[in-house]
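These notes are about the structure you will find just below.
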Amino acid sequence: MDVDPRLFENVVSDGEVRKIVLSYLVHNCFKETAETFIACSGMKRTADCSVDIDKRKPIYNHVLEGNASKAIELTNQLAVDLLTSNPDVHFDLLTLHFIELVRAKDCASALEFAQKELRPFGKQQGRYLDKLQDCMALLAYENPETSPMFNYLSPEYRHSVADALNSAVLAHANLPSYTSMERLLQHTTVVRQRLHQELGKDGPPIFTLKAFLKS
């Protein structure tokens, strides 16, 4: 059995829904869309909304463009200790720079960069070594895009690194590192899974976003 949405008509107000949508737009640096949404919905603009996006958006875009070195530079200007306290994000940014050197067929610079910047991470057995070995293996292929490690050269990899850095920047500023929408979906998924386990066929089905969007 599925849950009748009419049971929840008065649980969430329109204002709360608008706040959820706005948090998603601000989190992902959609400044123009967020400003239009605020104007059209009659919501009150938060004091640091635009400033926050103005600081994060250039960093986010540089990562999406594969310019990890510029993203690192701007991140250090914004918060000098951020990458030091988030070594996983720092490592991903450095590997992204290495990957772009490989993509450009600049193997000499890639090797030099790996020796200087990535080698220290390889000393931490298990945590970074597997990924580091995968990245170094790209040097063995004339066309890295067709190698078994092709995913590191995909737009999806850039997006994952950009999202991780964006979350780290937000957390460093004592702001939510995940959107209200993401947390709501996570909670809904867990609750429906637990109900399904406890009630079986008499309970609601397991929640998936894909199935929900098709309903």
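Does at least one position in segment 19-28 carry a residue that is within 30 Å of residue 134 (Cα to Cα), of a type outside the set (Asp, Glu) and assigned by the TED database to the domain that holds residue 152? No; the residues of segment 19-28 include none that is within 30 Å of residue 134 (Cα to Cα), of a type outside the set (Asp, Glu) and assigned by the TED database to the domain that holds residue 152. Count of segment 160-178 residues, restricted to those that are modelled with pLDDT of 95 or more and farther than 18 Å from residue 83 by Cα, is 0. A count restricted to segment 92-108 and to residues that are surrounded by 15 or more Cβ atoms within 10 Å (Cβ to Cβ) and not aliphatic (A, V, I, L, M) stands at 6.
Only a single criterion out of (1) more than 15 Å from the chain's Cα centre (by Cα); (2) surrounded by 13 or more Cβ atoms within 10 Å (Cβ to Cβ); (3) in contact (Cβ under 8 Å) with a residue 12 or more places away in the chain is not satisfied by residue 63, namely (1). Name the one entry in 89, 80 that is outside any helix (DSSP H, G or I) and either touching a residue at least 40 places away in the same chain (Cβ under 8 Å) or open to solvent by 70 Å² or more (accessible area, probe 1.4 Å) (or both). After applying the criteria, what remains is 80.
Screening residue 108 on (1) of a type outside the set (Asp, Glu); (2) at pLDDT 95 or above; (3) over 19 Å from residue 163 (Cα atoms); (4) in contact with a helix residue (DSSP H, G or I) (Cβ under 8 Å, 6 or more places away or on another chain) shows it passes everything except condition (4).
Taking each residue of segment 20-35 that is free of Cβ contacts under 8 Å to residues at least 60 places away in the same chain and looking for partners that are buried (at least 18 other Cβ atoms within 10 Å of the Cβ) and of a type in the set (D, E, K, R) with beta-carbon atoms closer than 8 Å, six or more apart or interchain, yields 26/52.
Condition check ((1) among the charged types (D, E, K, R); (2) touching a His at 6+ places or on another chain (Cβ under 9 Å); (3) more than 19 Å from residue 159 (Cβ to Cβ)) across all residues:
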| position | (1), (2), (3) |
| --- | --- |
| 55 | yes, no, yes |
| 64 | no, yes, no |
| 79 | no, yes, yes |
| 99 | no, no, no |
| 104 | no, no, yes |
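The values are calculated or read from the model by the stated rules, or taken from the named source; none is laboratory data. These numbers come from a predicted model, not from an experiment. Ideal geometry is used to build each Cβ from the backbone, glycine not excepted, and the neighbour counts take in all protein chains shown. To get the accessible areas, we keep the full protein, side chains included, count just its heavy atoms, and leave off ligands, DNA and RNA. Shrake-Rupley method; radii C 1.70, N 1.55, O 1.52, S 1.80 Å.
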